[in-house]
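Notes follow the structure.
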Amino acid sequence: SARGYSKLGALSRSMLGQLRFIACQYSDHAERFLALGASPERVGVLGSVKFDVSLPADHAHRVETLREQWGIEKRPVWIAGSTHPGEEEVVLAAHGRLKARFPDLLLILVPRHPERRAEVGALIDAAGFSQAWMSAVQAPAGRDVVLGDTMGELLYLYGLSQVAFLGGSLVSVGGHNPIEAAVCRVPIVMGPETFNFPDVVAAFAEAGCLHLITDAASLADRVADYLEDEARRQAAGAAAAEVVRVNMGATDRLLELLSAEVRAAAGLPLPG
């Protein structure tokens with residue numbers, strides 16, 4: 001976007017001059033606005049509201065209840081969340097490789113759109129895996145794959161898992177937000193297509209808790225690395241949660257900014 005606005009120099013500067021304040025997510029965003037001619041006193045870095053995620057109050061209890069109901073207390077578990085067409089085949093191929101090394105491994109496969117349940121279920125069958133569907137309230141004891149075809153449960157399913165693959169990243173969708181997995185203290189794996197959240201992905205990658213893969217073999221290898229090394233897995237999960245923690249607060253900063261602007265426009269004194 002900045003490249004496009006730079007081609008309209010005078011017009012862009014005039015437009016930016018009409019804004020009271022530009023609240024940027026990251027410092028490089030602020031630098032681009034300044035390069036386009038925005039006044040420094042009207043530009044600030046407030047952070048991304050995407051990081052203001054917290055676990056529901058019942059998260060720990062619900063995760064433990066699911067683990068007991070499913071009878072998977074002693075099974076290793078990984079999850080592929082928010083997958084799209086073309087990705088499930090890769091995930092299932094990776095699961096096949098992993099099952100050769102971890103025979104008791106459970107995959108939780110959650111398509112982005114639950115209405116694809118029959119399609120994804122057919123892919124699971126074709127891959128030769130036994131399956132249970134969450135919508136059917138089936139206990140997955142002894143099954144190879146749980147098909148997550150219900151809404152509003154992804155945070156709990158991340159909590160059940162030791163490693164998370166985030167979908168939309170092996171196809172040209174741009175990836176889905178990894179913060180929900182991170183707040184559950186889960187190491188993250190994604191494909192190369194992460195253009196929806198480049199700065200968020202970079203923050204986790206720099207902390208060593210998010211890794212990019214390209215195919216079933218590299219996905220299986222990365223998941224296996226974490227399944228085999230509990231200390232490494234826990235360190236990566238802690239690092240992911242820490243990235244979320246240090247980036248929180250943008251919502252409050254935005255509310256404070258807006259409150260000050262509204263009070264100033266109304267001629268009211270600022271609080272405090």
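The values are calculated or read from the model by the stated rules, or taken from the named source; none is laboratory data. If you're wondering where the values come from, they're calculated on a predicted model, not measured in any experiment. Quick reminder, even Gly has a Cβ in these numbers, built from the backbone with ideal geometry, and neighbours come from all protein chains shown. Keep in mind that these areas ignore ligands, DNA and RNA; they rest on the heavy atoms of the full protein, side chains included. Shrake-Rupley method; radii C 1.70, N 1.55, O 1.52, S 1.80 Å.
Accessible surface for segment 143-262, divided over its residues, is 40 Å² per residue with a 1.4 Å probe. As a fraction of the 1.4 Å probe accessible area of segment 111-168, surface on carbon and sulfur atoms comes out at 53 percent.
Packing here is the average count of other Cβ atoms within 10 Å per residue, and on that basis the peptides 231-242, 255-266, 214-225, 171-182, highest first, run 171-182, 214-225, 231-242, 255-266.
Evaluating 6.51 cos²θ - 1.76 cosθ + 1.60 at θ = phi - 60° for every residue in segment 170-176, the Karplus couplings come out as 9, 10, 7, 9, x, x, 10 Hz, glycine and proline recorded as x.
Restricting the calculation to Cα atoms, segment 16-142 yields a radius of gyration followed by a Dmax of 22.6, 63 Å. Computed from Cα positions, the angle between helix 230-246 and the longest principal axis of the chain comes to roughly 20 degrees. The residues of segment 64-131 have, on average, 43 Å² of accessible surface per residue, using a 1.4 Å probe with all protein chains present. Working note: Cα gyration tensor of the chain, eigenvalues times five, square-rooted, sorted largest first, giving semi-axes of 41, 21, 17 Å.
Once the Cα-Cα distance is subtracted from the 0.36 nm per residue extended length, the S172 to V49 segment shows a gain of 41.8 nm. For V77, list long-range residues whose amide hydrogen, built 1.01 Å from N in the peptide plane, is under 5 Å from its own amide hydrogen. Under 5 Å from the amide H of V77 lie the amide H atoms of L106, Q162, each far enough along the sequence or on another chain.
The distance separating the Cα centre of segment 76-143 from that of segment 176-231 comes to 18 Å.
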